[in-house]
Structures are given as C-alpha cells and as structure tokens.
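Take a look at the structure below.
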Amino acid sequence: MDWLGLYNYWVVVILMMAGFYIVIAQGNLVKKIVGLNIFQTSVFIFFISLAKLDGGSAPVYVEGITEYSNPLPHVLILTAIVVGVALTAMGLALVVRVHELYGSIEEDEIHEQDGSD
Amino acid sequence: MNQYTVLRVIAKIMIPVILLYGLYIQFHGEYSPGGGFQAGIIFAAGFVIYSLIYGLEKVQQAVPPVAVHVLAAFGVFLFIAFGIAGMLMGGDFLQYRVFMEDNHAAETLGIIGIELGVGITVATVAIALFYAFAGRERD
Amino acid sequence: MAIAIVRIRNLFAVTMLTGIYSLLAASLFVLLDAPDVALTEAAVGAGIAIILMLGTLALTTSEEKVHKKPQNLLALVVVFITGAGLIYGTLDMPHFGDPEAPAHQHVSPRYTQESVDEIGIPNMVTSVLASYRALDTLGEAVVIFVAMVGVIMVIGGGVKRRWRDRGRVLPDGKRDKP
C-alpha cells in the first residue's frame, strides 16, 4: 500500500483536469473563466498539501511546539489567490466588452460573426 | 432592495461588525492568522454588502470612485515608501532593521507598515472592481 | 462538485457552485494547517469573485447555449492523456506529510525555527510574507493595482460620464457635433 500516500496528488490531478476540460471544451466565455478558477484552486491545493508535515501544526508560534508546516508555500498561495481574483476580474471585464461588441459570449457565434465580416 | 426590512436591519447591525472584524484581522495579523490581504477583502465586503442593499449611489456618495482609485495608488505608494525609507536610513530596500535599535520592534514596525499598505490596496481594489462591474449599465 | 460545474448549463447555478467549491477548498486548507490561506480563500473565492461573476452575468446573459460539438471527444481524450501523464509523474513524488520531503529541507527549518527569534512575531506566515519575502509581496500588490487599472480601462470605473461625446474636431477648428 505504498502508493496510497500519494492520494493528495491524484485529487489535484482530477480537479486540474476538470478545469482543463472546461477551458478547452466549453464554448461559453464565463464558463471558461470558471474552469480557470478550478484549475487554479487545484494548484493551490497542490502547494498547500506539499507544505503539510506529519505531526506538524499551523505555522503560528506556540510555546512547546517545534514542528510546523512549511510557511513558504502558504505565503506564495496567499498572494496567488489575490492575484487570481484580480485576473478573474480582468477576464470578466473583457467578457463584458466582448458581449457589448458581439452580443454573445459563445465562442462559436463570435467566430461566425468574425468570419462573415 | 429598499423594501426588504429584514435585510436592511440585519445589514445595519452586521456591517459595523464586518468592518471591525476586518480591522482586527489587519492589526492582529502578527499574532493570529490574518494580514493585509484578508483584512482588505473583508473590509471591502462590508462596502459591497451595503451597496447591494442600499444601492450603489449611496455608497458612491460616501466613498466616491475617484477616492477609491487614489487610495489604491496610495497603498502601493505606502509599501514602496517603507522600502525606500530603509534605503535612506542606510539599509537595503525593504530592510526594516535600520529603523530602530531594537530589531524586533523595527521588524514589527516595518511589517505593520507594509501590511497596512497591502490592506489599503486590496480593499480599495476590491471596491473599485465592484464599482466597475456594478456601475456599468447594460446596453 | 467540479463535474457538476462542467455539466450545468445555467450560469447562475454554475456561479453558486463555484462559491461552494471555494468554501470547500477553504475548509480543506484548514485541515491542511493553513489557516491564513483558508481565510483568504473563503473571503476571496466565496465572496468577491462570486459578486464579480454575478455582476458579469447581469451585464451579459445567464444561459449557456446548448450545442453538440464534435471536438468534445477530442478534448476529453487530450484531458485523459494529460491526466495520465501527470499521475505517472506523481509516482516519484514524496509522500503526503513526509518530513523528509525536499520542500521541508531548504529554507523551511530557518523560517519555522528561527523566525520567531529574528523577527519577534509569532505568525510565521506574516513574517515570511512581509519581511523575508517582502519584495514578492510588493510585486503582488503592484499586480493587483495594475489589474484594477486594466479593468477600469476596459469597462470604466463605475463613474457616470459627465462629458458627452462632443464629436471630432473639423479642419476649421469647429466640432461636427454641438
């Protein structure tokens, strides 16, 4: 049962592939952004699970505890989450503009309009 | 949503608590989980809830968009100013040790300073994004 | 949860499920000893991101069109191949919570054992964030500021425009609209 200790990576891979599938297979632009969010969250879970230490505690100093999980990935992900939401907002703003120009947020309809011009 | 009395009353009670919690997260971030990022988002959430219930115009009267944009720039400026202050006092960029004799006090001062900068930036950016999306009219 | 998001066509339901997904991810972060990250994820993912998405849906449309597309199968195949490759890659990874893992060897002991003496505050995440790696945080603050500027340039800052379209300046110095 040696391989069972790797289950956290498999959860990450499954979530990542779900997000990836949405991004490449769905035509709706808002849904693509949701897919990117899922992908992103899977990366967050990957980093945080790397930081976890058996028998460790949350990285806030308490008298008498010597084992903590690694604070560095926590910092990286903390900033990544906020950057992620800023970029999500940027993407959504572009979607709003696309809807104003084309009247649609479906990828294939936009391609059709581009082709007919 | 002006006609929902329950929402209006609950919001009036909850919003000061949310803002206070945001400030607590901001300034207690050294001793418990928290810091500028979380505090900024929570603080912004208070304004967002208010505008969802009382309307965008009311909030924009209190906090005009221009002020939000200027404050966002000010947050980044505060951060960089703390970095440059370290340089002017003979250290490296973002080195806090030179602020005071006592290392711990100097580091804590620097950390509180840049966490404040981050908190202001995040809160105002979140409010500005909400203004941008909510203030746009469908055409 | 993620699969439901893939299948559901109504974008409002998708948005709500995304919020619940973020909240679940936040509770997972608590279990993995990362309270700071959990706090951020709960506030950001389940709060601001959802409100922005709802704002977008209000400005665009809330129903996704149903269409059968031939490349769905191709996409599925690509996804499965990539997933299989990634899972094969994980077989060499260190086990979950393994103290011998490379991630716990390099700078982590210094942060966990000495940062309290060096910085003097108990929350190691804050001391790494704001002192050891303050330059990263500065870059990050600049990134979200630039993202805000970008959004304002793309869709406007929510300010009602006071000036009207006054038209172009004609060669004789007048405008073609009053």
Task: Which listed residue, of B:LEU94, B:LEU109, is open to solvent by 40 Å² or more (accessible area, probe 1.4 Å) and among the hydrophobic types (A, V, I, L, M, F, W, C) - done: B:LEU109
Open item on the list: So, B:PHE47, is that one in contact (Cβ under 8 Å) with a residue 60 or more places away in the chain and not polar (S, T, N, Q) or not?
Closed with: yes
- [ ] Pick out, from region A:25-117, the helices (runs of 4 or more DSSP H) lying fully within it that include 1 or more residues that are closer than 22 Å to C:ASP136 by Cβ and among the polar types (S, T, N, Q).
- [x] A:29-51, A:71-102
Task: Checking B:VAL6 against (1) open to solvent by 40 Å² or more (accessible area, probe 1.4 Å); (2) part of a loop (DSSP other than H, G, I, E, B), the condition it does not meet - done: (2)
- [ ] Answer yes or no: is there a residue in region A:33-46 that is open to solvent by 40 Å² or more (accessible area, probe 1.4 Å), at pLDDT 80 or above and within 7 Å of another protein chain (Cβ to nearest Cβ).
- [x] no
Task: Among the residues listed as A:VAL34, A:VAL98, A:VAL60, A:VAL30, the single one being of a type in the set (Val, Ile, Thr) and free of Cβ contacts under 8 Å to residues at least 12 places away in the same chain - done: A:VAL60
Task: Positions within region C:33-48 being more than 7 Å from chain B (Cβ to nearest Cβ) and buried (at least 24 other Cβ atoms within 10 Å of the Cβ), in sequence order - done: C:ALA34, C:VAL37, C:ALA38, C:GLU41, C:GLY45
Task: Test result for B:ALA62, surrounded by fewer than 21 Cβ atoms within 10 Å (Cβ to Cβ) and more than 10 Å from chain C (Cβ to nearest Cβ) - done: yes
Task: Qualifying residues in region B:9-43 (those that are in a helix (DSSP H, G or I) and within 7 Å of another protein chain (Cβ to nearest Cβ)) - the one surrounded by the fewest Cβ atoms within 10 Å (Cβ to Cβ) - done: B:ILE41
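The values are calculated or read from the model by the stated rules, or taken from the named source; none is laboratory data. Remember, predicted model here, so these are calculated numbers, not experimental data. Positions of Cβ are generated from backbone atoms using ideal geometry, with glycine treated the same way; all protein chains shown enter the neighbour counts. Heavy atoms of the whole protein, side chains included, go into the accessibility calculation; ligands, DNA and RNA do not. Shrake-Rupley method; radii C 1.70, N 1.55, O 1.52, S 1.80 Å.
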